[in-house]
Amino acid sequence: HCESTHTVENLETREIAQPDGIIPYQITEKLARQALIEWLDQQSFQTRPRVARGRSLYLPGWTFDVGGQIGWKYTIESDNNTEVRTGENIIHIDDIIVLATDKVPASLIDFTAQYDLSALENFDPRFLANWIAETYQISMADASLDARKIALDQQRKRLKHQVPNQAANLSVDSSKMLVESYRLILLPVWLSFFILEDQKYHLLINGQT
């Protein structure tokens, strides 16, 4: 209250889920920095950029297996007749990765597709010795909506290649699509930046590949 000498602090507590899996670092800071320098050398910069040392960070991500059915409907018009065609496709998409952090720009989200999840290890806190890991900020429920959207976009693109060229008014029904399983995992990255003409450019380097 105004002029009061006391403040009331409301503390929010929530249960933090422990990761189910982790991809250990395969690329050292030296190799990551070397790869960045080699890439910069291939660019047509008039001045040589200054490259910062990399900082390691495990980023949290949710992986989803999406299954169920996708319904579809489109029309075919010929000789003044309109034919409506409908059907359903059974889908099963494994390991859709949705980053569980809100600190990575949307333009860099696609880098998650570069990880090889066959190298995923069961999580053990000892993997984090001398490494920094970020706690997830995006809940599984919110991330699952993004996973469903990714799966739906993939199916919609696939359907566009399967339907006849004269098909029109293609619509897709995702009401029978469902998340079958999920895991919380940690992904290794190197954070770095380079300076070019007094401009700083931040970047992420995949710590596995």
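The values are calculated or read from the model by the stated rules, or taken from the named source; none is laboratory data. It should be emphasised that the depicted structure is a prediction, and the values quoted were computed from it without experimental measurement. Glycine gets a Cβ as well: all are built from the backbone with ideal geometry, and neighbour counts include every protein chain shown. Keep in mind that these areas ignore ligands, DNA and RNA; they rest on the heavy atoms of the full protein, side chains included. Shrake-Rupley method; radii C 1.70, N 1.55, O 1.52, S 1.80 Å.
Measure up 103/200; 73/149; 103/157 against 27 Å on the Cα-Cα distance and list the ones that go over.
Values: 103/200 17 Å; 73/149 19 Å; 103/157 29 Å.
103/157, as the Cα separations exceed 27 Å there.
Test of understanding: extend the Cα→C-beta vector of residue 195 to 7 Å, then name every residue of segment 47-67 with backbone N under 12 Å from that spot.
Residues 49-53 qualify, since their backbone N sits under 12 Å from the label point.
Can you run phi through the Karplus equation (6.51, -1.76, 1.60; θ = phi - 60°) for segment 116-125 and list ³J(HN,Hα) in whole Hz, with x for Gly and Pro?
After applying 6.51 cos²θ - 1.76 cosθ + 1.60, I find 9, 6, 5, 8, 5, 9, 4, 5, 9, x Hz.
With axes computed from alpha carbons, what is the tilt in degrees of helix 140-162 against the longest principal axis of the chain, rounded to the nearest 10 within 0 to 90?
Around 40 degrees separate the two axes.
Taking the Cα centre as origin and putting +1 on Lys and Arg beta-carbons and -1 on Asp and Glu beta-carbons, what dipole magnitude results for segment 12-80, to the nearest 20 debye?
680 debye
At a threshold of 8 angstrom on Cα-Cα distance, excluding pairs fewer than six apart, so keeping six or more, what relative contact order does segment 11-122 reach in percent? Let's see the in-between values first.
Details: 101 pairs, mean separation 32.7, N = 112.
Rounded, it is 29 percent for segment 11-122.
What is the spin-label model distance, in nm, from residue 17 to residue 45 if the labels are put 7 Å beyond Cα along the C-beta direction?
With each label placed 7 Å out from Cα toward Cβ, I get 4.0 nm.
Out of the total accessible area of the chain (probe 1.4 Å, heavy atoms of protein only), what percent is carbon and sulfur?
Roughly 47 percent, rounded to a whole number.
Over all directions, what mean area does the Cα convex hull of segment 106-209 project, stated in square nanometres?
Hull-based average projected area comes out at 11.4 nm².
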